[in-house]
Amino acid sequence: MSHITENLTFAMIKPEAVKKNVIGSIIALIEEKNFTVCGLSMVRLTLERAQAFYKVHEDRPFYQALCDYMCTGKIVAMVLKKENAVQDFRTLIGATNPKEALAGTIRNQFGTSIEENAIHGSDSDTNAQKEIHFFFNQ
Ligand code: GTP
Ligand code: MG
């Protein structure tokens with residue numbers, strides 16, 4: 001399986017970006033960078049699902065606010081395929097804080113604040129596999 005999973009990453013367009021009507025603009029950028037969208041689902045997370053997704057951050061001071069925010073509207077979950085998908089997608093989304101994200105990155109163009117930063121991207125192949133499973137292999 002590793003030859004497959006290491007070329008996949010998981011992405012999630014966050015509620016404020018969905019509300020700003022930029023789903024299409026964000027996916028256009030993703031496709032321009034040669035990622036293939038091979039799974040897509042638009043859902044509203046329950047608080048329990050958001051808490052489970054971000055469990056790795058449960059001891060961080062922003063955990064509760066983050067989970068509440070992720071339930072404020074629908075999100076778009078995606079499986080993206082490309083050689084070196086995880087690392088290349090982290091480069092494309094930019095720094096966590098949109099104010100620090102480089103020009104041309106998704107967070108620079110579409111993010112609002114450190115919390116409302118438009119998009120999530122997996123940070124490792126292992127987490128990509130877990131996050132894809134969380135949304136697409138129940
Ligand atoms: P993700 O791709 O969403 O995982 O972002 P990241 O890997 O760049 O950041 P990290 O995993 O450290 O944090 C997860 C999410 O928590 C971020 O995307 C933000 O939405 C939020 N977050 C991170 N740091 C802060 C913070 O200092 N304050 C607040 N309010 N939210 C934060
Ligand atoms: Mg992260």
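Data table
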item	result
Nearby aspartates and glutamates by direct alpha-carbon distance to LYS130 (threshold 14 angstrom, same-chain neighbours under 8 apart not counted)	GLU6
Sites excluded, GluC sites (Glu not before Pro) in DSSP loops with at most 13 other C-beta within 10 Å, longest stretch of the chain	1-57
13 Å beta-carbon shell around THR96, net charge (K/R +1, D/E -1)	+1
FRET efficiency estimate (nearest 0.05) - Cβ-Cβ, GLN109 to VAL56, R0 22 angstrom	0.25
Stokes-Einstein D for the chain, Kirkwood Rh over Cα pairs, 4 °C, 1.567 mPa s (µm²/s)	87
Cβ-Cβ FRET estimate between GLU6 and GLN64, R0 fixed at 35 Å, reported to 0.05	0.55
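Where a number appears in this text, it was derived from the coordinates with a stated rule and is not lab data. All values derive from a computational prediction rather than experimental measurement. For neighbour counting, all protein chains shown are included, and Cβ atoms are generated from backbone atoms with ideal geometry for every residue, glycine included.
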